[in-house]
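Okay, so here's the structure we're looking at.
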Amino acid sequence: MSDFLQTPIEFLKGVGQARADLLKKELNIFTFENLLYFYPYRHIDRTRFYKIAELQDDLPYIQLRGKFTDLRSEKINRGQRLVANFTDGSNNLEIVWFQGAKWVKEIIKPNTEYILFGKPTIFNGKFNIVHPSIDLYNDENIKMLSALMPMYNTTEKMKQRNFESKAILKLVHTLLKDERLIIPEDLPNELISKEKLLTRGKAIHAIHFPRSADELILATERLKFEELFFLQIKILRYKVQRGKFPNGISFEHIGELFNTFYEKHLPFNLTEAQKRVIREIRVDMKSGIQMNRLLQGDVGSGKTIVALLCMLIAIDNNYQATLMAPTEILAQQHFHNLKELLTELPVSVQLLTGNTTMKERKKMLQDLESGSLNILIGTHALIESSVQYKNLGLVIIDEQHRFGVEQRSRLWQKNEKPPHVLVMTATPIPRTLAMTIYGDLDVSVIDELPAGRKPIKTVHRFESGRLAVFEFMKQELSKGRQIYIVYPLIAESEKMDYMNLQDGFESISRAFPLPQYKVSIVHGKMKPTDKDFEMARFVKGETNIMVATTVIEVGVNVPNASIMIIESAERFGLSQLHQLRGRVGRGAEQSYCILMTGNKLGNEAKTRIKTMEQSNDGFYISEVDLKLRGPGDLDGTQQSGLLDLKLADLKTDEHILQRARNCASQLLSEDYNFTQPENLPVKLWLNKQHHSKVWSRIS
Ligand code: ADP
Ligand code: MG
């Protein structure tokens, strides 16, 4: 029976070769099944027939029933128009065409009833309808059109060939009417009744041709549920699998290094949250099951020290650890930072980046293979195939959203037994994403900032307020603080951005002249050595102001910097703004973030700026960000290829997602391999998927 669904689309009545070609090329519809799953993007309420006598101003699209009485051509300025008189017994109405006269003349017959659909407008004091949609008034058309009428997307090419939404509607109608059509169920019956869902067959019928608005809601819900349910089955199955087949390294004990460092060299007391996540990680690393954990903590919450303590546990158990950072600057900072923290301990740390000389690199790789090197820090240079470890036990990835899934999995494969993986991110993951693209990772959260931090004050200033901003900067500089000024750098207009940055640098240098003030500049076009040099000067406090592009966005830590000025702030996304702001507020001083914008702001930009002014809460900010941009835009989601959801929308369907996740989780715990007959549909669905998509191993 399911063969019928696989019938090539050209065999559907009303398709033919030309249309079949268009359907395949333009909409990827190759089979009957594809057409069935080509859902309408909305429905138009045509359940009501209006009377011409009822017409009034400001009506939306309406539907009329009546006959054409007169058809004539009229000369107008630039050509001709075709005018017909349409009557429904209550009154008359002019129908007007500026194009397609030949076609109109062919289809319009006298003494025949038609269904008309269009938007009434007033012209010369009278109502008329221009270019309405016209269909014969008969049972079939009433059923098909005078209902909640589905609207389908078509492309420009299709429109040129008169192959529009209504034509697709007719095809779907033909298919759904066919007696041979059976739409197989793919959810277990028990689940359907427990969750009060429509059956699949009913839902598919109703998503195209709902009999009521309520039925449309139920159909949509059922199909969304199904999408999210299978998404969860895939994600959770992987998670359960990891637990079922323990193949991880077990770090049996906490040893000398960890204890010595903890007791003698910790530069501050850990927050309760830091202690808690270390315990959570500790349990994972001991369990014998490979850890895949996401460590989430707002900027400045102190993830680095957690990373270090975990690495010490690995080394205590005779394993190596590696820390991967998304940028050169950040890798360096981690390196210097960790090296300093570890001065008193017999732990060797090295930095491997694209700038490492051949000679250094060779030595480093030797030490890595022999095992004499304990910790390797670096950028993506770490995942080159020439980098081989003796016994890699722990991989820490900082600011994960800059790394693609594929890049991560390459690191993951560097050992026979998979090393534990800890992914650290300051980008809070909204709940819906935590349940989806990160749904197979366990999550630890540092939800507490170190004591003594003052919330950053954020304000919005227009160009007209710049002098006052300069004055304020001078005040703060006189107290010995440092300042960041960040300019946007976006690929498409890179040249202009670069000019803005240079201009900015020059005007800042004029307003803050030597020798009293020293201004640094850092951007992506500089030689890495120059960049590092400038960065280092700022870190050491030798310069007061750092003018930069977003290269400084991630992770840089200069506690004495207390002001972040973001130029053209309207051009940044919310999470980026929050990241940038997180560069200040790291010391005990009151810090400020000043968002400079032009005078004209779109609504979305206004919302972003306002959100920043009102909140320092990364979680809240990421929820707003998700609402504004949608998950498809969030870093890292696109490449995961996981969210190609047709109907479900993570912005609005959190509720259904949660239900689907619970059901999937329960099903997996009861019948992991779907051996029960009633769970066979799920198994079949999964098998089908397996052939069409490769599922990546991490996130
Ligand atoms: P992030 O989570 O953004 O990576 P870092 O690890 O860079 O944060 O820490 C930010 C700053 O806070 C650093 O200067 C770090 O030394 C400091 N810090 C971290 N934990 C604590 C703590 N428990 N008490 C005081 N300062 C801390
Ligand atoms: Mg960090």
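Rounded to whole Hz and in sequence order, give me ³J(HN,Hα) for the range 260-265 from the Karplus expression 6.51 cos²θ - 1.76 cosθ + 1.60, θ = phi - 60°, writing x for Gly and Pro.
After applying 6.51 cos²θ - 1.76 cosθ + 1.60, I find 4, 4, 4, 7, 10, 10 Hz.
Output the antiparallel fraction of DSSP beta bridges having both residues in the chain, as a percent to the nearest 5.
40
Give the long-range amide H neighbours of I115: residues separated by 5 or more places, or on another chain, with amide H under 5 Å away, using H modelled in the peptide plane at 1.01 Å from N.
D135, L136, Y137
Round to the nearest 0.05 the FRET efficiency obtained for Q676 and R276 when R0 = 45 Å and r is the Cβ-Cβ distance. Can you show the working numbers first?
Details: r = 39 Å, r/R0 = 0.87.
Step by step, r from the Cβ atoms, then E = 0.70.
Where does helix 328-341 land angle-wise versus the long Cα axis of the chain, in degrees 0 to 90, nearest 10?
For 328-341 against the chain, the angle is about 40 degrees.
What spacing in nm lies between the two simple spin-label points modelled at K600 and N247, each 7 Å away from Cα in the Cβ direction?
It is 5.8 nm.
With a 1.4 Å probe and every protein chain left in place, tell me how much accessible area W685 has, in Å² to the nearest 10.
Surface accessible to solvent at W685 totals approximately 60 Å².
How much FRET efficiency would the formula 1/(1 + (r/R0)^6) give for A588 and Q160, where r is the Cβ-Cβ distance and R0 is 41 Å, rounded to 0.05? Don't skip to the end; give the middle numbers.
Details: r = 67 Å, r/R0 = 1.63.
With R0 = 41 Å, the Cβ-Cβ based efficiency is 0.05.
Rounded to the nearest whole Å³, what is the per residue volume of the convex hull around the Cα atoms of the range 458-525?
It is 115 Å³ per residue.
Please work out how much length the chain gains when fully extended from A468 to E26, using 0.36 nm per residue of separation minus the C-alpha to C-alpha distance, in nm with one decimal. Don't skip to the end; give the middle numbers.
Numbers: separation 442, 0.36 × 442 = 159.12 nm, distance 5.63 nm.
Full extension of this stretch gives 153.5 nm more.
Name the long-range amide H neighbours of M546: under 5 Å, sequence gap of 5 or more, or other chain; modelled H, no Pro or chain starts.
I483, Y484, I485, S520
Between R48 and K75, what FRET efficiency follows from the Cβ-Cβ distance if R0 is 41 Å, with the result rounded to 0.05?
0.65
Could you work out the local net charge near R211, counting Lys and Arg as +1, Asp and Glu as -1, over the other residues with Cβ closer than 11 Å to its Cβ? Mind showing how you got there, number by number?
Working: positive: K143, K202; negative: D214, E215.
Counting the neighbours of R211, the net charge comes to 0.
Compute the angle between helix 680-692 and the longest alpha-carbon principal axis of the chain, please, reported from 0 to 90 degrees and rounded to the nearest 10.
Helix 680-692 and the main axis of the chain meet at about 70 degrees.
Using a 1.4 angstrom probe on the protein heavy atoms only, could you order E94, E678, E156 from most to least accessible area?
E156, E678, E94
Would you mind checking the tilt of helix 494-511 against the longest principal axis of the Cα atoms of the chain, expressed as 0 to 90 degrees and rounded to 10?
Around 50 degrees separate the two axes.
How many Å³ per residue does the convex hull of the Cα positions in the chain occupy?
Considering the Cα atoms of the chain, their hull volume per residue is 215 Å³.
Per residue of the chain, what 222 nm ellipticity follows from adding -39500 (n - 2.57) for every DSSP H run with n ≥ 4, rounded to the nearest 500?
Taken over the chain, the calculation gives -12000 deg cm²/dmol.
How do F261, F98 rank by accessible surface area computed with a 1.4 Å probe, from largest to smallest?
So the residues, ranked largest to smallest area, are F98, F261.
Taking 0.36 nm per intervening residue step and subtracting the Cα-Cα distance, what contour gain separates N124 from N141 on full extension?
This chain segment gains 2.8 nm when fully extended.
With every protein chain left in place and a probe of 1.4 Å, what is the accessible surface of T199, to the nearest 10 Å²?
Surface accessible to solvent at T199 totals approximately 60 Å².
Between D532 and K363, 0.36 nm times their residue separation minus their Cα-Cα distance comes to what?
Difference between extended and current length: 58.5 nm.
Give me the net charge for the shell around V104: Cβ to Cβ below 12 angstrom, other residues only, Lys and Arg +1, Asp and Glu -1.
+4
The values are calculated or read from the model by the stated rules, or taken from the named source; none is laboratory data. Since this is a predicted model, take the numbers as computed values, not measurements. No Cβ is skipped: glycine too gets one built from the backbone with ideal geometry, and neighbour counts run over all protein chains shown. With ligands, DNA and RNA removed, areas are computed over all heavy atoms of the protein, side chains included. Shrake-Rupley method; radii C 1.70, N 1.55, O 1.52, S 1.80 Å.
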